[in-house]
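Have a look at the structure below, then the notes.
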Ligand code: 5RP
């Protein structure tokens, strides 16, 4: 790794490097999305190419699938593999109980399906994403395009009944147009600041017609590999 990398990049790199140790020959592995996961995919690619590691990889987004192919990893769909031994993925926030906010990269739906279909989910993150209570990072919610403004209004109404500090909801844009997920949906970002009861919020959000999934990953992660800018790594 070159010395021009920032401490955050270094932290992501060392977390990804440690997490690759969880991968054994013959495993079915879910590949996460994002810059931290991209390091992990590249490192796995090296092991596949140089050391003959054999894995069945299921990517969580089109861009991870492309990267995996580029580095020589054979890519399968979840329906081909059905169940996974391990998923390694990044996060936008994690709390002391290993609950997460994910979806900053817009891939939360496939990420949640893949992580849930895995015996083990290992999260890789730089230390800056550690929080006592989730919510400072805007919570992504994937919604169908049809009637999205009504869905947004219903979500706003829900937020007035739950214990959160903020309530602004914004449509995620890319190049001045609504960002489309790999599944052809929109993302609403919920600016909540602090989520007191993530379980309740997750249930309420997923009951709103038009909501496909939300970015709260509760009781899904089994371990978090945390990288620091000075190269230290801790595992929780
Ligand atoms: C994508 C995600 C990513 O895992 C999350 O945004 C972290 O990304 P990065 O590793 O680039 O910081 O949830 O939907």
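Listed conditions (1) surrounded by 18 or more Cβ atoms within 10 Å (Cβ to Cβ); (2) away from the ligand (no atom under 15 Å from the Cβ); (3) part of a helix (DSSP H, G or I) are all met by residue 80, apart from (1). For the stretch 137-152, filtered to residues that are away from the ligand (no atom under 16 Å from the Cβ) and touching a residue at least 40 places away in the same chain (Cβ under 8 Å), the residue that is surrounded by the most Cβ atoms within 10 Å (Cβ to Cβ) is 151.
Within the stretch 39-59, being free of Cβ contacts under 8 Å to residues at least 12 places away in the same chain and either at negative phi or within 13 Å of the ligand (Cβ to nearest atom) (or both) holds for 50, 51. Please tell me if residue 201 is assigned to a loop (DSSP other than H, G, I, E, B), crowded, with 22+ Cβ neighbours inside 10 Å and in contact with a helix residue (DSSP H, G or I) (Cβ under 9 Å, 6 or more places away or on another chain). Taking the combined requirement at face value, the residue does not satisfy it.
Restricting attention to the stretch 64-77 and to residues that are within 16 Å of the ligand (Cβ to nearest atom) and without any contact (Cβ under 8 Å) to a residue 40 or more places away in the chain, the residue that is nearest to residue 46 (Cα to Cα) turns out to be 68.
With respect to residue 87, is the statement that it is more than 9 Å from the ligand (Cβ to nearest atom), without any contact (Cβ under 8 Å) to a residue 60 or more places away in the chain and either closer than 19 Å to residue 214 by Cβ or not in a loop (DSSP other than H, G, I, E, B) (or both) true? Yes, satisfied. In the stretch 111-118 there is at least one residue matching the filter, namely being more than 13 Å from the ligand (Cβ to nearest atom), surrounded by fewer than 21 Cβ atoms within 10 Å (Cβ to Cβ) and outside any helix (DSSP H, G or I). Going residue by residue through the stretch 63-74, is there one that turns out to be touching a helix residue (DSSP H, G or I) at 6+ places or on another chain (Cβ under 6 Å) and exposed (fewer than 14 other Cβ atoms within 10 Å of the Cβ)? Yes; the residues of the stretch 63-74 include at least one that is touching a helix residue (DSSP H, G or I) at 6+ places or on another chain (Cβ under 6 Å) and exposed (fewer than 14 other Cβ atoms within 10 Å of the Cβ). Quick one: which of 134, 108, 100 is crowded, with 23+ Cβ neighbours inside 10 Å and farther than 16 Å from residue 37 by Cβ? Testing whether each residue is crowded, with 23+ Cβ neighbours inside 10 Å and farther than 16 Å from residue 37 by Cβ leaves just 134. Among residues of the stretch 9-33 that are closer than 15 Å to residue 52 by Cα, those with a beta-carbon under 8 Å from a residue that is within 11 Å of the ligand (Cβ to nearest atom) and at pLDDT 95 or above at least six positions away or on a different chain give the pairs 20/40; 20/88; 23/88. Would you please name the residue that is farthest from residue 126 (Cα to Cα), looking only at residues in the stretch 7-38 that are out of contact with any strand residue (DSSP E or B) (no Cβ under 8 Å at 6 or more places or on another chain) and within 12 Å of the ligand (Cβ to nearest atom)? Across the stretch 7-38, the extreme among qualifying residues is 38. Taking the stretch 119-147 as the range and being in contact with a helix residue (DSSP H, G or I) (Cβ under 9 Å, 6 or more places away or on another chain), part of a loop (DSSP other than H, G, I, E, B) and more than 19 Å from residue 12 (Cα to Cα) as the test, the residues that pass are 133, 134, 135, 144.
The values are calculated or read from the model by the stated rules, or taken from the named source; none is laboratory data. All figures in this text were calculated on a predicted structure; none of them were measured in a lab. Note: ideal-geometry Cβ built from the backbone for every residue, glycine included; neighbour counts use all protein chains shown.
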